[in-house]
Amino acid sequence: MIGAARYSTLWLCGRLFATPGYPPLSRSELAAALSPYDALPRSSQRVIAFRTAALGSLMRRADAFLPSEGAILDAGCGHGQMARWLAREPGRQVLGVDSSESRIRAARGAEMPPNLRFERASMHDAIASDGPCWDGFVFVDALLYIDVEAQRDVLIATREAARPGALLLIKDSIAEPRWKLRLTRMEERIKLGRAYYGNAPGGPLTYRPREEWVATLHDAGWRVTDDCRTPRFLPYPGWIAVCHAV
Ligand SMILES: C[S@@+](CC[C@H](N)C(=O)[O-])C[C@H]1O[C@@H](n2cnc3c(N)ncnc32)[C@H](O)[C@@H]1O
């Protein structure tokens, strides 16, 4: 159980990152989302707790948009909170992949529901397939670590591997406004310099304007049907897009 003081801090964090219509996690939801990580060192638990709180609203959005049945890929899943949240729906088969070994080890946590798997893999390798086999894709703050050509290849691969009716959810930092871009790029450079993401390869940090993303998605066969910015007062140039296969 999360104590009142700790919950207040986490709730505030969740509130700050929440977008309209998708509230932060309640105390019991947070406690359930954090329980698989109980055996990790305190420092890791703290990082995961704040990230989970910040992701809560987006986790609800992904849950609401993604099909309630079928195969869902969380690419660059980190510690796996989003994948775990999505796997609460038993009709989904969820795979979380990340190139960081330590993050995948942490993501597996104490218990694994039967419809959830985590694997260490690059997002490109995880998507590559002989045909349509996925019903949903999630990329949360993951595509910025690869360059523009690799982004295009990954998005084309998702479209080729998408079953009819499949959906793609992207949350990433974009290139505007400039002051937010400068701050987030600086933060990421520091994190990569300190191996914050474990042994994952440090990427080129690719930030693109919204219009360029929409065009790249369109060229890859995805139509952006719903998109929004993360809250204006945050110092992050976050963008959330829900896309349907064209
Ligand atoms: C900012 S973290 C986001 C993690 C998670 N999606 C979340 O929202 O908490 C970015 C993650 O992408 C992973 N990553 C970076 N490049 C990757 C790639 N090419 N394939 C798979 N994972 C990658 C990193 O290891 C890291 O865990």
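Each value in this text was obtained by applying a stated rule to the coordinates, not by laboratory testing. What you see is a predicted model; the values in this text were computed from it and never measured. Please note: Cβ atoms are built from the backbone with ideal geometry, for glycine as well, and neighbour counts cover all protein chains shown.
A protection proxy built from the mean count of other Cβ atoms within 10 Å ranks the segments 238-246, 22-30, most packed first, as 238-246, 22-30.
Which FRET efficiency value, to the nearest 0.05, is calculated for ARG15 and GLU212 with the Förster distance at 22 angstrom and r the Cβ-Cβ distance? The value I calculate is 0.10.
Expressed to the nearest 5 percent, the antiparallel share of DSSP beta bridges inside the chain is 40 percent.
On the principal axes of its alpha-carbon atoms, the stretch 1-96 has extents of 38, 32, 22 Å, going from largest to smallest.
Report summary: the helix-based calculation at 222 nm, which adds -39500 (n - 2.57) for every DSSP H run with n ≥ 4 and divides by the residues of the chain, gives -13000 deg cm²/dmol. Reducing the stretch 189-230 and the stretch 67-90 to their Cα centroids gives an inter-centroid distance of 19 Å. Its alpha carbons give the stretch 55-245 an Rg and a Dmax of 15.6, 44 Å. 3J(HN,Hα) along the stretch 180-188, derived from phi through the Karplus expression 6.51 cos²θ - 1.76 cosθ + 1.60 where θ = phi - 60°, amounts to 5, 4, 4, 5, 5, 5, 4, 4, 5 Hz, with x in place of Gly and Pro. Amide hydrogen proximity for VAL138: with H placed 1.01 Å from N in the peptide plane, the residues at 5 or more positions away or on another chain lying under 5 Å are LEU73, ASP74, ALA75, LEU169. A Stokes-Einstein calculation at 25 °C with viscosity 0.890 mPa s, built on the Kirkwood radius of the stretch 173-236 over Cα pairs, returns a diffusion coefficient of 182 µm²/s.
Assuming charge only on the beta carbon of Lys and Arg (+1) and of Asp and Glu (-1), the dipole of the chain about its Cα centre is about 1120 debye to the nearest 20. Per residue, the Cα convex hull of the stretch 107-175 amounts to 115 Å³.
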